[in-house]
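Before any comments, here is the structure.
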Amino acid sequence: ARSVARAPLIVLGGMAVIILFLRNTRPTQEDQVAQIFTEDHAMAPDGPRTDSGVSATPSAPLGAIRSDIGAPSVDTLPQFIPVEPPQNSPRSDSTMDDLQPQPDSSSQSTPIDEGDVGDSTAPDPPPPPAQDSTLLEGEAAVAQLRSELAALDMSWIKPRKYKFWNMDFHISVIGDVRHQFGRMCKEDGICMEVEEQSYSGHCGHTFGGRQNTCAKDIKGINRDQAFAACPHSVKRDFYNAYRSPDSGFAGVDAFLVHHPPGTCELFMAFNKSVVVLASVNLELGRENPARFNLLTRNLRLLAKDPRNVMAANNMYELEYLKYFTGLPHVHFLPSLCHYAAETDSYSPTKRVLAFARSHNNLSKYVRAAAEALGRVGSSVVDEVKDFGAAIGGGYDWKDVASVVAYVIIPYTKSYMFLFEAYALNVPLFVPERSLLASWEAGGDRPLNQRVYWTKVPHPQSPSQPHYPNELRNAGAIEHWLQFADFYQWPHVTQFSSWDDLVRKLNEADLQAISARMKVENERRWLANKLEWFRLFKRMFDGMEPGGRAVPSVSYEEAFRAAYGEDPGDEGVPCHRESALDYGRLT
């Protein structure tokens, strides 16, 4: 018998981004090199952001931890072993097939002979089976989801409040989760507690009622160590600092992990649930073959326990996670960013076609669109502007919702400003996949934060026909772009050229598009709530809050008790072959 109960762990991830930039302090090395490490945007409306972190002068670059440890052969580490999904697990939208309308022969009515019409002796036909809400759209999907939620028995959880603990490098994904949990509490009386200990450069911002969540009094680990969890003694030091049933984690029921996803390794031995919501590339901070293989091994270990859940906040990261881990079952818990729409919605008071917020200089795209507007003409907009010129530096959500529409030239496959604009029901226009892929492969590379490491080890049994981290293969890029948010979401208009953009803008019923987006936002909220409720039951049913004790045994013993294997990290090197957060892509 194991000395420690196996802990449920959930992995949530993707590449989160928070829209509004809040700091006017002097940029540090992290800001000057790249802005992707902690946030892509901040939810604050006050000017440019930086990511200086807790210390303005860190002792070493993030992730630049010991690299002098001998590396074992990659072959000695567990490779891509598919894990079967847990039995009787709740359904998740984990495949593209789930998202496409499928014929359902079981739902077709049995043909009735004309002679049966009006025959009072004929038996009543059986009622049609309940429809799957994932195959419905619009109001029909909303109605079906409401029916499914009403059928759930959540009485077991209402008297209880479970505690989630987060130590992340991004404030937006956890901020969105907290907002969703708060809405559940208001609407359904199902209330969760979230303790946020943030290492993000934006953790001190208090816009919109947000509290300062900067990490404090964290034992056994510092900011640099937490990002990479290397050298591997860091995991043991952190565990030992909180070991024993009366530790600071005694009342914690689940760890929330978002950015980077690999931070989940810090929490594996604590006998608690871990929620890793992948919002960025899986390999961030673990860009060498031995470390990456160890991470994928650990994710598969977590997934073996049905109480442990792998999830992503966008479909690209979901498929990316499946591709590199071999896991067939990954939950879809998209960010919603409905905090942006609590008091505001689409109200186009400016006759402006604006380009969506970006980390890149979009001036050439803005010029091309403006020239097309001059050629084609429009009765809808008078001018084309980049985001700063259209909205201004210090702005609120009403400003974001005030333009006619946004043009998306994305810098990565998922980022928070797009969630926020969609939440506000502002019509969105994006290049067709083939056009964007041709720009990306042709050298323009607008998606310059799509790939973090070009040499991520190939899986033995890939779930997709193309490798996702190609830089020049337009076919592979176009294939993977189908999973990007802006090609997944309904009611986003695609254009094939700049003239086509203006023509489609002129022809669009923008108010009708906005109204359909509003319905879709409600559908997404109900779908997320349904998924969370099912996960709560899977994680906590039969357990009182704080019911899983923190082990008092050694790290190795606790790990073996939970997973039946050794930690497997001895001798695994810490160096990073690629570090996009420092402007180095290999």
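The values are calculated or read from the model by the stated rules, or taken from the named source; none is laboratory data. Small disclaimer: the values here were computed from a predicted structure and weren't measured. Counting neighbours? That spans all protein chains shown, and the Cβs are built from the backbone with ideal geometry, glycine included. Accessible surface is based on the protein model in full, side chains and every heavy atom, while ligands, DNA and RNA are left aside. Shrake-Rupley method; radii C 1.70, N 1.55, O 1.52, S 1.80 Å.
A few notes on this one:
- Of the numbered criteria (1) part of a loop (DSSP other than H, G, I, E, B); (2) polar (S, T, N, Q); (3) more than 21 Å from L535 (Cα to Cα), the one Q225 fails is (1).
- Scope the range 228-249; condition at pLDDT 95 or above, in contact with a helix residue (DSSP H, G or I) (Cβ under 9 Å, 6 or more places away or on another chain) and open to solvent by 10 Å² or more (accessible area, probe 1.4 Å); matching residues: R236, D237, N240
- Within the range 202-225, considering residues that are on the phi < 0 side of the Ramachandran plot and loosely packed, with under 14 Cβ neighbours inside 10 Å, the one modelled with the lowest pLDDT: T206
- Scanning the range 442-480 for residues that are closer than 19 Å to S358 by Cβ and surrounded by 15 or more Cβ atoms within 10 Å (Cβ to Cβ) yields D444, R445, P446, L447, N448, Q449, R450, V451, Y452, I477.
To keep it simple, each residue is scored yes or no on (1) at pLDDT 95 or above; (2) farther than 30 Å from T296 by Cβ.
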position	(1), (2)
G393	no, yes
E432	yes, yes
W439	yes, yes
Q449	yes, no
P457	yes, no
S461	no, no
N469	yes, no
I477	yes, no
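- Within the range 535-563, the residues that satisfy the criterion of being under 29 Å from the mean Cα position of the chain (by Cα) and buried (at least 18 other Cβ atoms within 10 Å of the Cβ) are L535, F536, R538, M539, F540, R548, V550, F559, A562, Y563.
- Every pair of residues 6+ apart whose Cβ atoms lie under 7 Å, when the first sits in the range 557-586 and is basic (K, R) while the second is surrounded by fewer than 19 Cβ atoms within 10 Å (Cβ to Cβ) and in a loop (DSSP other than H, G, I, E, B): R560/D566
- Checking each residue in the range 363-406 for being under 26 Å from the mean Cα position of the chain (by Cα), among the aromatic types (F, W, Y) and open to solvent by less than 30 Å² (accessible area, probe 1.4 Å) picks out F387, Y395, Y406.
- Checked against (1) in a loop (DSSP other than H, G, I, E, B); (2) farther than 21 Å from K272 by Cβ; (3) open to solvent by less than 60 Å² (accessible area, probe 1.4 Å), C185 passes all but a single condition, namely (1).
- Residues (open to solvent by 40 Å² or more (accessible area, probe 1.4 Å) and in contact (Cβ under 8 Å) with a residue 60 or more places away in the chain) located in the range 166-182: H179
This table checks each residue for (1) touching a residue at least 60 places away in the same chain (Cβ under 8 Å); (2) of a type outside the set (A, V, I, L, M, F, W, C).
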{"residue": "L436", "(1), (2)": "no, no"}
{"residue": "A441", "(1), (2)": "no, no"}
{"residue": "L447", "(1), (2)": "no, no"}
{"residue": "P457", "(1), (2)": "yes, yes"}
{"residue": "N469", "(1), (2)": "no, yes"}
{"residue": "A476", "(1), (2)": "no, no"}
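- Among residues of the range 274-292 that are part of a loop (DSSP other than H, G, I, E, B), those with a Cβ under 6 angstrom from a residue that is of a type in the set (D, E), sequence gap 6+ or separate chain, pair up as E287/E577; N288/E577.
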